[in-house]
Structure formats: C-alpha cells, structure tokens
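To start, the structure under review is shown below, and the notes come after it.
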Amino acid sequence: MPRIFDFGGREVERSLTVAGLRQLKGSGRHVAQVTAETAEEAAAAEAAGIEMVVCRGSNVVRVREGSRRVFVTAAIGFAEAITGDEILRAGFAAVTAGADAVITGRSPDMVRLLAKEQVPVMGHLGLVPRKSTWVGGMRAVGKTAEEAMELWDRFRQLEDAGAFAVECEVIAAPVMAEINRRTSLVTVSLGSVSDADVIFLFTSDICGESARLPPSCAGLGRSQTPAGSDPAGTDRRSGAVPPGCRDGRFSGAT
C-alpha cells in the first residue's frame, strides 16, 4: 500500500494515489467508489474493500476518523464557494483536513485555479442535477450526435484546465465508451454503465435506503452479492446491475 505525505503534512498509507488512478487508464481494471459522510460509513467502505469514497468538504475530518486508507474526494458545495478565492480556500481546507482530491461542477476556470496549486481536481460532466434545466430535466446526456460532440468538448476543456478526473453522470453508454477510450481523465461512472475507470454508487442506494430508486433496485448491493460478502466491491467494479437500474440511476444511459 502506498505511503505518502498528505496535504496536511501527515505520513499516511492510502489504498490509491492520483498516480495510481491514472495508471488505471487502458489497464482494463476498475475500482469502486461510494459515498460516506460519517466515520461508520467510511469504516464500512474500507472493510468492504472499497478503494474510494466521496463526501462533503465539511465532513472530511469525520470520514477520516473511520478510515485512514481510502482515497477521499471532498465535494466543494455549489453555493458555499463562489469566487476564485473562496474556491481556493475551500479546496485547501478540504485537502489539509485529509482529503486526497476535491470535486466541483464549476467552470474550467475554477478547476484551473485549484490545479495550478497542484490540488487534485475532479470535474463533473453529463447530467449535473443542479444544472439539469439546461438539458430539459433528469435524463441521460449524449444521445444525439450534437450533444455527444458538445460533451466531448467539455471533457477536453477539463483536460486543458488540469483536472485529473471527472465524474461522468448518466452519459449514454456508447458515448461514454468512446470518450473513455480517448480522454486522459480518470473517468468515474455514476449511472454511465461500466466503460469507465471507477464505478460509483451512493451508499444509500446500495443499502436500499433511497426513495428515488424503483423497487427492483432497492437493496442493490445485497441483491447482487451473497450474504456476508462485500456489498459493493465485485459487482460495482464489473458494472453488473439489474436491468432498469444502471448503477442506481436511469435506464436511459443505455
């Protein structure tokens, strides 16, 4: 397991590093990511063999109490950091508290501010729920040639801005597969099926606690694995999900 100094100056072991994630490209290997907002959820993720978790920036310290080893990405709140100075302050606060990276759905200009300081940044493309008015609602993105090309251009903008990864939410499967082969970004699939480097699912979806899932998808992790085995590891990495669930989001991605 790699040993690094984190951004807070602590010598730590990590299940993954940014360099290790970049080495996934073209390897055919996947890793898994889930949400964690508490020490208990982070500890459960590590125990299940999950390599990555994502949490709110304000919960990094709590998550690190549960796991010192998982790769933690901290979400910078959409409204909590508006200006460039605020984005930098929020990003540095998250990584010095113990996060390994930050995620933001903000513009490439904001991504560039963080990347210039070597803060690892993950962008967010495809269906960004808070911006869903621009695509007419909660739906798969990239199902027309025009939309697919616009999406590819956004990937290139993130690359140019210095992001190392991107959350790919509900992107049409054929488009996701083509983009994943061409982009240098580490791709994190949320509802974009398995043609990505990281397979991501909400912990509440795995545990059947989400009201937004259809009944066939509730308890997704338990329905996919034998009792007592890891609830999200093997099947999350393979992208194997029941028909109509597609990683706990929308069947429209296929």
Point to revise | E41 being open to solvent by 10 Å² or more (accessible area, probe 1.4 Å), in contact (Cβ under 8 Å) with a residue 60 or more places away in the chain, over 27 Å from T183 (Cα atoms) and part of a helix (DSSP H, G or I) | key: yes
Check your understanding: Can you find a residue in the range 192-205 that is modelled with pLDDT of 75 or more, open to solvent by less than 10 Å² (accessible area, probe 1.4 Å) and part of a helix (DSSP H, G or I)?
Key -> yes
Review point. What's the number of the condition G105 fails, among (1) open to solvent by 30 Å² or more (accessible area, probe 1.4 Å); (2) part of a loop (DSSP other than H, G, I, E, B); (3) touching a Leu at 6+ places or on another chain (Cβ under 9 Å)?
Key: (1)
Check your understanding: Within the range 57-100, how many residues are surrounded by fewer than 17 Cβ atoms within 10 Å (Cβ to Cβ), of a type outside the set (V, I, T) and not in a loop (DSSP other than H, G, I, E, B)?
Key -> 7
Revision key, fill the gap. Within the range 42-68, residues over 22 Å from K131 (Cα atoms), charged (D, E, K, R) and within 17 Å of the chain's Cα centre (by Cα) come out as E46, E51
Review point. Does the range 26-41 include one or more residues that are over 18 Å from the mean Cα position of the chain (by Cα) and modelled with pLDDT of 95 or more?
Key: yes
Check your understanding: Take the residues of the range 131-161 that are out of contact with any Leu (no Cβ under 8 Å at 6 or more places or on another chain) and within 17 Å of T104 (Cα to Cα): which is least open to solvent (accessible area, probe 1.4 Å)?
Key -> A161
Check your understanding: Among the residues of the range 112-135, how many are at pLDDT 95 or above, out of contact with any Asp or Glu (no Cβ under 9 Å at 6 or more places or on another chain) and of a type in the set (D, E, K, R)?
Key -> 2
Practice item. Mind counting the residues in the range 111-121 that are out of contact with any Leu (no Cβ under 9 Å at 6 or more places or on another chain) and not in a loop (DSSP other than H, G, I, E, B)? Key: 3
Study note, to complete from the structure: The number of residues in the range 45-56 that are open to solvent by 10 Å² or more (accessible area, probe 1.4 Å), β-branched (V, I, T) and free of Cβ contacts under 8 Å to residues at least 24 places away in the same chain is 0
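The values are calculated or read from the model by the stated rules, or taken from the named source; none is laboratory data. Just so it is clear, the structure is predicted and the values come from calculations on it, not from any experiment. Please note: Cβ atoms are built from the backbone with ideal geometry, for glycine as well, and neighbour counts cover all protein chains shown. Surface areas here come from the heavy atoms of the whole protein model, side chains and all, with no ligands, DNA or RNA. Shrake-Rupley method; radii C 1.70, N 1.55, O 1.52, S 1.80 Å.
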